[in-house]
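Heads up: the structure comes next, in structure tokens.
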Number of protein chains: 4
Amino acid sequence: MDATPPQHLSARKKPRQARSAATLEAIFEATIQVLLREGIHRLTTTRVAERAGVSVGTMYQYFPHKQALLYALNERYLDLVAERVEAACQAQYGASTKTMVEVLVTTYWQAKTERSEVTRALYRSAVELDNEALIDAFARRMDAATIAMLKSAPDAVYANIDLVNVTLLSVIFGTVRNDFERDLPASEQAEIRHQLTLMCLSYLEMSGG
Amino acid sequence: MDATPPQHLSARKKPRQARSAATLEAIFEATIQVLLREGIHRLTTTRVAERAGVSVGTMYQYFPHKQALLYALNERYLDLVAERVEAACQAQYGASTKTMVEVLVTTYWQAKTERSEVTRALYRSAVELDNEALIDAFARRMDAATIAMLKSAPDAVYANIDLVNVTLLSVIFGTVRNDFERDLPASEQAEIRHQLTLMCLSYLEMSGG
Amino acid sequence: MDATPPQHLSARKKPRQARSAATLEAIFEATIQVLLREGIHRLTTTRVAERAGVSVGTMYQYFPHKQALLYALNERYLDLVAERVEAACQAQYGASTKTMVEVLVTTYWQAKTERSEVTRALYRSAVELDNEALIDAFARRMDAATIAMLKSAPDAVYANIDLVNVTLLSVIFGTVRNDFERDLPASEQAEIRHQLTLMCLSYLEMSGG
Amino acid sequence: MDATPPQHLSARKKPRQARSAATLEAIFEATIQVLLREGIHRLTTTRVAERAGVSVGTMYQYFPHKQALLYALNERYLDLVAERVEAACQAQYGASTKTMVEVLVTTYWQAKTERSEVTRALYRSAVELDNEALIDAFARRMDAATIAMLKSAPDAVYANIDLVNVTLLSVIFGTVRNDFERDLPASEQAEIRHQLTLMCLSYLEMSGG
DNA sequence: AATGAATGAGTCTTCATTCAT
DNA sequence: GATGAATGAAGACTCATTCAT
């Protein structure tokens with residue numbers, strides 16, 4: 001994510017050697033595990049360090065403070081999601097609008113749902129974290145990826161593609177999150193996802209034609 | 001909200017006298033204020049009590065613990081929103097689908113946006129709160145209200161109204177929340193809201209009559 | 001108990017009317033109940049008042065503070081025990097030393113054991129209570145009662161009856177309390193009690209006669 | 001003491017280094033001091049830490065909570081007493097019953113009386129502490145030590161040594177504690193102690209022969 | 001006289017962060 | 001560089017006591 005993070009939230013050092021990268025990864029994974037098993041109010045630096053198999057001191061070598069760790073964790077997560085969506089978008093260049101929408105909805109939904117508990121945990125970790133910059137950067141990446149894709153569609157041209165696109169993303173992202181929070185049964189979620197696709201499609205037809 | 005709250009989250013006593021009611025209100029308002037001005041990690045029982053102009057002890061006479069306070073706060077908020085939406089829905093009985101959708105989107109959007117900072121604060125306060133019951137109850141109320149409204153539409157009949165309705169609500173609620181979190185400029189928000197209305201409309205036309 | 005209690009521990013008012021006496025009794029009984037069911041660290045004035053069926057305010061009319069309540073409770077308890085022992089002693093005037101010792105041990109043991117949980121609770125309540133005066137007064141009453149009894153024995157005369165007597169009481173009271181704290185099975189307790197009687201008897205024979 | 005303490009009462013870590021051992025000792029001593037000077041109801045974690053010259057945090061590194069500290073303190077104390085009595089018993093192997101009893105009474109009395117204020121403080125600290133296991137373990141150790149000693153006496157054989165022994169210990173321990181609580185003048189205590197010895201001796205003669 | 005809501009000092013306990021080893 | 005013991009400020013919550021009604 002090329003978001004310029006609020007100065008105080010940046011990690012202390014970039015992983016140069018493999019050793020560092022492994023440690024960093026362990027810390028991230030540990031954070032998620034603690035978040036999952038203990039809940040956010042038991043997410044302490046000591047516990048994370050312990051589960052990561054490093055000392056607190058070492059952890060503080062990587063992150064100047066707890067917030068920086070959580071910030072980085074979210075950054076990393078959004079990066080992964082963004083990459084998946086971008087890849088999916090690029091793969092659809094020139095495809096039909098229908099396919100595009102189906103793929104977009106499915107990809108995002110899956111990215112969020114695959115480890116749904118993790119996603120939920122991360123949502124929690126982001127609270128009271130000054131992560132606007134992160135979200136903005138993510139949104140911009142997504143915007144760029146989907147606009148480029150939509151523009152390549154052979155069957156549609158949009159008068160106001162920026163607006164159409166931002167609407168499309170708002171609706172998709174928002175709906176996914178909403179369903180997330182309601183914890184509906186998988187079958188119902190699938191139905192809603194399908195309806196969402198239909199809705200987006202009809203919207204694009206209406207807007208693009 | 002007729003959600004049966006997890007036993008441990010229920011408030012300690014109901015305000016019988018006017019005095020109590022006023023105190024309760026002061027506590028709620030104070031909680032919101034602290035949440036707004038200080039952020040969730042500075043939301044302490046002491047601070048809330050202080051701003052509410054009561055002693056901590058008094059606060060604990062109303063709520064057995066901090067979580068119960070936050071739970072009650074969310075409950076109260078969702079009640080207000082639910083009431084507004086219900087009222088709006090009832091007022092549209094027999095109106096055109098177009099009007100219905102417009103009113104629904106607008107009402108919900110406004111209910112959330114009017115004191116948008118408060119809404120945001122409440123979203124934060126809900127983290128790590130076992131408020132599933134609350135959300136469920138809210139969702140059911142909304143479901144009932146909108147289904148009843150849609151059924152009264154003279155210009156449409158839906159084969160699978162339950163699915164259509166839950167999709168509609170998921171999309172609307174989700175999109176509103178999403179835009180919320182992105183903190184877009186008001187003008188852009190308005191545009192998206194408009195597009196959302198169009199999208200819902202086209203979806204209903206496609207699904208209904 | 002005619003102990004002059006430390007000024008600050010005396011009850012606020014003496015029960016003049018039946019009403020007061022009943023209330024007082026209720027408070028005492030409630031205190032014991034709370035002590036038994038909740039433990040000493042949950043023995044709060046509110047809880048006691050609640051179980052006694054009176055308001056805290058009322059309770060404070062009877063006792064200027066919590067300590068005074070506990071003091072009075074212990075006083076009352078020791079009075080009851082003392083009365084029982086005194087009565088038993090008087091009834092043995094002129095009896096044989098053997099009978100005297102048997103009765104003394106049995107009476108005291110029973111007085112403590114009958115509601116052994118209560119006794120235990122009271123021991124706990126006495127901690128950090130300035131109840132030396134109480135214990136002294138009790139000891140003096142017991143001393144007087146047993147000395148008078150022993151003097152009336154037709155079969156023995158003691159050179160140093162004061163010392164013999166204080167030893168006797170120390171041993172009996174101490175042993176009872178000790179067995180108390182160890183919570184031994186009833187059968188074993190009975191055996192020990194019997195042995196204790198034999199021991200006392202042999203001691204008296206050795207000292208008197 | 002090889003009592004298996006109730007899980008939740010065990011100390012957090014064993015002192016490995018000298019440093020830790022010193023800290024631990026300081027905490028124990030501080031606890032006793034506070035108990036002595038301020039009384040049990042002013043025995044707070046903060047005060048103990050302060051007097052021990054460490055931070056509360058450090059204290060909590062050694063003991064998971066206040067109760068664990070008190071438990072450990074009692075454990076340590078009983079260990080010391082037990083060791084003294086055991087040593088004394090072993091030293092009397094083969095001695096006369098008279099000597100044995102004299103040594104037993106004297107040793108126990110001294111162990112408890114030397115720092116009588118401390119003993120008293122510890123009795124208080126034990127209230128509302130689930131220390132049955134501790135007391136049991138102590139009792140068993142004492143039982144074993146004195147039975148072994150008595151068996152080695154050249155001048156007596158007991159038909160029912162278990163019962164005789166438990167009675168003996170009950171009487172001695174109980175009487176000591178009782179005199180303790182009454183706070184009698186030292187001279188009178190000495191007299192009682194002497195009488196106690198005589199009484200025990202006469203009991204053993206009667207039982208052993 | 002009785003009530004019980006209100007008070008707020010005081011308790012235990014946690015945990016981010018530092019720094020001597 | 002890594003460690004993890006030590007720190008102590010800050011938080012949630014309790015409860016003896018008062019006093020307006």
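The values are calculated or read from the model by the stated rules, or taken from the named source; none is laboratory data. Values in this document were obtained by computation on a predicted structure and should not be read as measured data. Methodologically, a virtual Cβ is constructed for each residue, glycine included, from the backbone with ideal geometry; neighbour enumeration extends over all protein chains shown. All accessible areas refer to the heavy atoms of the entire protein, side chains included, with ligands and DNA or RNA removed. Shrake-Rupley method; radii C 1.70, N 1.55, O 1.52, S 1.80 Å.
Points worth noting:
- Over the protein assembly as shown, accessible surface divided per residue gives 45 Å², non-protein components excluded, 1.4 Å probe.
- Total accessible area lost when C and D pair, probe 1.4 Å, Å² to nearest 100: 3300 Å²
- Farthest positive-ward along the protein assembly as shown dipole, Cα basis, beta-carbon charges - from C:58, D:71, B:52: B:52
- Whole-percent carbon and sulfur share, accessible surface of chain B, 1.4 Å: 50 percent
- Dipole-positive endmost among C:26, C:200, C:160 within chain C (Cβ charges, Cα centre): C:26
- Considering only D:125, D:20, D:187, the Gaussian network model of chain D with Cα springs below 10 Å gives its largest mean-square fluctuation to D:187.
- The largest-to-smallest principal axis extents of the Cα set in the protein assembly as shown are 125, 72, 43 Å.
- The mean sequence separation of alpha-carbon pairs under 8 Å and at least six residues apart, normalised by the residue count of chain B, gives a relative contact order of 25 percent.
- Placing a pseudo-label 7 Å from each Cα along the Cα-to-Cβ vector at residue B:157 and residue B:132 gives an inter-label distance of 3.9 nm.
- Shape call, segment A:20-116: gyration tensor on alpha carbons, a/c limit 1.5: prolate
- The Cα center of segment A:117-184 and the Cα center of segment B:146-195 differ in position by 17 Å.
- Percentage, to the nearest whole number, of Cα pairs in segment D:96-161 over 18 Å apart: 54 percent
- Flagged links, alpha-carbon separation over 30 Å, of A:151/B:112; C:112/D:151; B:66/B:112; C:112/C:151; A:151/B:151; B:112/B:151: A:151/B:112; C:112/D:151; A:151/B:151
- Remark: chain A carries a charge dipole of roughly 860 debye about the Cα centre, counting +1 on each Lys and Arg Cβ and -1 on each Asp and Glu Cβ.
- Cβ-placed point charges (K, R +1; D, E -1), dipole of segment D:134-209 about Cα centre in debye, nearest 20: 220 debye
- Segment A:146-209: C-alpha gyration tensor shape, a/c 1.5 cut-off, then a/b vs b/c: prolate
- Among A:185, A:154, A:64, the residue with the largest mean-square fluctuation in a Gaussian network model of chain A, with springs joining Cα atoms closer than 10 Å, is A:185.
- Average beta-carbon neighbours from other chains, 10 Å sphere, peptide D:24-34: 0
- For segment A:76-154, the relative contact order works out to 55 percent when only alpha carbon pairs closer than 8 Å and six or more residues apart are counted.
- In the protein assembly as shown, taking the dipole from charged Cβ atoms about the Cα centre, the farthest positive-side position among A:169, C:106, A:113 is held by A:169.
- Convex hull (Cα only) mean projected area of chain A, reported in nm² to one decimal: 12.3 nm²
- Comparing B:67, B:33, B:195 in a Gaussian network model of chain B where C-alpha atoms under 10 Å apart are linked, the largest mean-square fluctuation is found at B:195.
- For residues of A:123-131, the mean tally of beta carbons on other chains within 10 Å: 3
- Theoretical ellipticity at 222 nm over the protein assembly as shown - DSSP helices of four or more residues, -39500 (n - 2.57) apiece, nearest 500: -24500 deg cm²/dmol
- If a spin label sat at a point 7 angstrom from the Cα of residue A:140 along the line to its beta carbon, the backbone N atoms of segment A:51-94 nearer than 15 Å would be those of A:79.
- Largest-first principal axis extents, alpha carbons of segment D:41-89, Å: 42, 20, 19
- Peptide D:193-199 has a mean of 5 when you count, residue by residue, the C-beta atoms of other protein chains within 10 Å of its C-beta.
- Taking the Cα centre of the protein assembly as shown as origin and assigning +1 to Lys and Arg Cβ atoms and -1 to Asp and Glu Cβ atoms, the resulting dipole is close to 1260 debye.
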